[in-house]
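The values are calculated or read from the model by the stated rules, or taken from the named source; none is laboratory data. All figures in this text were calculated on a predicted structure; none of them were measured in a lab. Quick reminder, even Gly has a Cβ in these numbers, built from the backbone with ideal geometry, and neighbours come from all protein chains shown.
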Amino acid sequence: MRTKMTFAQILQRVHRQNLVALKDRAFAANRIAKLTFGRSRRAAYSVKDKSISRLLTFGEARILRLYGRPTGVRFRSGGQLHLRTAKELATKPAVYADS
């Protein structure tokens, strides 16, 4: 006979799957951002940033630094993504301009 699972048990069971989905979402958003311009690019980078932020919160990613400055993020389950710095964003405004 099957027993009913509590909501907490369901969350615990799907936790790993959700983290993998968040990582996949960050990679997909990064690929889309590289192919688009304007509003679409900003939206894709926003999705990437939010996904990475959640993974950092759960301890599934860590910041990579070069000379004390954040340059990327490495995921616990493998893979890494480059982070754009504030200086890069300031010197490349045309990338984010609406087309």
Filter the range 37-89 down to the residues that are in a helix (DSSP H, G or I), more than 30 Å from residue 12 (Cβ to Cβ) and of a type outside the set (Phe, Trp, Tyr) and list them by number. 38, 39, 40, 41, 42, 43, 44, 86, 87, 88, 89
Residue hits (the range 36-71; of a type in the set (D, E, K, R), closer than 24 Å to residue 18 by Cα and out of contact with any helix residue (DSSP H, G or I) (no Cβ under 7 Å at 6 or more places or on another chain)) are 49, 50, 62
If you take the residues in the range 69-99 that are of a type in the set (Gly, Ala, Ser) and either modelled with pLDDT of 85 or more or touching a Lys or Arg at 6+ places or on another chain (Cβ under 6 Å) (or both), which one is surrounded by the most Cβ atoms within 10 Å (Cβ to Cβ)? 72
